[in-house]
1. Are there any pairs with C-beta distances below 7 angstrom linking a residue in region 102-125 that is in contact (Cβ under 8 Å) with a residue 24 or more places away in the chain and farther than 18 Å from residue 64 by Cβ to a residue that is among the β-branched types (Val, Ile, Thr) and part of a loop (DSSP other than H, G, I, E, B), with the two at least 6 apart or on different chains, and if so which?
2. Which one of the conditions (1) in a helix (DSSP H, G or I); (2) more than 14 Å from residue 105 (Cα to Cα); (3) of a type in the set (A, V, I, L, M); (4) at pLDDT below 95 does residue 60 fail to meet, given that it meets all the rest?
3. Using the structure shown, decide if residue 126 is within 22 Å of the chain's Cα centre (by Cα) and either at pLDDT below 90 or assigned to a helix (DSSP H, G or I) (or both).
4. Being surrounded by 14 or more Cβ atoms within 10 Å (Cβ to Cβ), of a type in the set (Val, Ile, Thr) and over 25 Å from residue 25 (Cα atoms), is that true of even one residue in region 82-94?
5. Has region 67-77 got any residue that is outside any helix (DSSP H, G or I), among the small types (Gly, Ala, Ser) and surrounded by 17 or more Cβ atoms within 10 Å (Cβ to Cβ)?
6. Across region 39-66, what is the total count of residues that are surrounded by 17 or more Cβ atoms within 10 Å (Cβ to Cβ) and among the basic types (Lys, Arg)?
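The values are calculated or read from the model by the stated rules, or taken from the named source; none is laboratory data. Because the structure is predicted, anything quoted here is derived from the model rather than measured. All Cβ positions, even for glycine, are placed from backbone atoms using ideal geometry, and neighbour counts span all protein chains on display.
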Amino acid sequence: MGWIVVLGIIAVVAFWAVGAYNRLIGLRNRFRNAFAQIDVQLKRRYDLIPNLVETAKAYMKHERETLENVIKARNTAVSANAAASADPGSASAIHGLVAAEGALSGALSRLFALVEAYPDLKANQNMMQLTEELTGTENKISFARQAFNDAVMSYNTASQQFPTNAIAGMFSFAPAELLQSTESDQERRPVKVEF
């Protein structure tokens, strides 16, 4: 009779362990899928940037360095995105992507600031369309980033809670990294208006 109780306890623990393991697998797959959605939008963004630079090049002949910096930052971001896509749970890959995306956003901001000085370029139909598509893509990236961070938070919470953390530790479920904002502290400060 005692051995039936022991077998029952072993069976309950085994079912719980299998359930915990499968839940962690499901949560890990969910955050990887969420990153794949970011990847789709980032690739769209990367595809739009050369067209934007080509359009601007015709009007901004004296701003060659700015245009080259945008392309250089884009290429760095493409490489960082490839590394993060290969392992979206890697903290170093995510940090690299965040840094590269921050540099790309900065380069694009400088480009758009210069575009303001060229009214003909600003009024160019192709430039307006590309800018609109890029803005829409940025919004989609933002939503996809939020979904990724939500999925990572669920995964990290489940893998760190007791007693599931025992299963996570036994099967090497490492914590995943959140995608942080690419804005610098300076950009986050409120705008100071003086009259």
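1. As it stands, the answer is 102/182; 105/182, since those pairs meet every condition given.
2. (1)
3. Numbers: within 22 Å of the chain's Cα centre (by Cα): no; either at pLDDT below 90 or assigned to a helix (DSSP H, G or I) (or both): yes.
Taking the combined requirement at face value, the residue does not satisfy it.
4. no
5. Here is the first cut: in region 67-77, the ones outside any helix (DSSP H, G or I) are none.
Within region 67-77 (the criterion being outside any helix (DSSP H, G or I), among the small types (Gly, Ala, Ser) and surrounded by 17 or more Cβ atoms within 10 Å (Cβ to Cβ)), the answer is no, since none of the residues qualifies.
6. 1
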